[in-house]
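Colleague: Structure incoming, see below.
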Amino acid sequence: MNNVLIKPVITEKQSKVTEKFPNRYGFIVAKSANKLMIKSEVEKMYGVTVERVNTHNYIGKLKTRNTTKGVVQGIQGRNKRAVVFLKDGDAIDLYNHI
């Protein structure tokens, strides 16, 4: 599977985690990706050694809005995220690979 990593998570919260723990990086990944696929893809793409991977599925929030045609409901932001723990001394420059 070629599209395991969709994009890195570059948010304020993830940046604070990476500053506090320099070997943790977050990625949005494909829903069908497992931990072994994520580990091999990160190692191949960035040339680092991955010690472990944590994954979690975000369930989208239900959003409701009033329009001229009536009430519209939808779901926002369903995705799967992975937090990758690297070997000490390894680092990923996310801003270089965007």
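None of the figures in this text is laboratory data; all of them are computed from the coordinates on show. Because the structure is predicted, anything quoted here is derived from the model rather than measured. Every residue, glycine among them, receives a Cβ derived from its backbone with ideal geometry; neighbour counts consider all protein chains shown.
Colleague: Where does each of 65, 24, 78 land when they are ranked from fewest to most other beta-carbon atoms within 10 angstrom?
Modeller: 65, 78, 24
Colleague: Out of these labelled values of Rg and Dmax of the Cα atoms in Å, (1) 17.8, 55; (2) 14.3, 43; (3) 16.3, 56, which was calculated from the coordinates shown here?
Modeller: Only one listed value fits the structure, namely (3).
Colleague: Please check: in the Gaussian network model of the chain (C-alpha springs, under 10 Å), which one of 48, 71, 84 has the largest mean-square fluctuation.
Modeller: Taking springs between Cα atoms under 10 Å, the residue moving most is 71.
Colleague: If I model a spin label as a point 7 Å beyond the Cα along the Cα-Cβ vector, how far apart are those points for residue 81 and residue 67 in nm?
Modeller: The modelled label-to-label distance comes out at 2.9 nm.
Colleague: Determine, for 46, 58, 25, the number of other Cβ atoms within 10 Å of each Cβ, and report the residues in order from fewest to most. Don't skip to the answer; put the middle values down first.
Modeller: Details: 46 21, 58 11, 25 24.
The most exposed by this proxy come first: 58, 46, 25.
Colleague: Which whole-Hz couplings ³J(HN,Hα) result when phi for each residue of the range 43-60 is put into the Karplus expression 6.51 cos²θ - 1.76 cosθ + 1.60, θ = phi - 60°, listed in order with x for Gly and Pro?
Modeller: For the range 43-60, the Karplus curve yields 5, 6, 6, 10, x, 10, 9, 9, 8, 7, 9, 10, 10, 7, 9, 8, 8, x Hz.
Colleague: Go through 15, 34, 72 and say which Cα lies farthest out towards the positive end of the charge dipole of the range 5-86; charges sit on Cβ, +1 for Lys and Arg, -1 for Asp and Glu.
Modeller: About the Cα centre, the residue reaching furthest to the positive side is 72.
Colleague: Modelled label-to-label distance, residue 43 and residue 95, 7 Å Cα→beta-carbon offset: nm?
Modeller: 2.9
Colleague: Let me ask something additional. For labels at residue 21 and residue 56 in the simple 7 Å Cα→Cβ model, what's the distance in nm?
Modeller: 1.1
Colleague: Given the chain, what count of lysine pairs have C-alpha atoms under 20 Å apart, with each pair 8 or more places apart or on different chains?
Modeller: 22
Colleague: Let me ask you something else. About its Cα centre, how strong a charge dipole does the chain have in debye, to the nearest 20, once Lys and Arg get +1 and Asp and Glu get -1 at the Cβ?
Modeller: So the magnitude is around 700 debye.
Colleague: Between the range 13-47 and the range 48-79, what is the C-alpha centre distance in whole Å?
Modeller: 19
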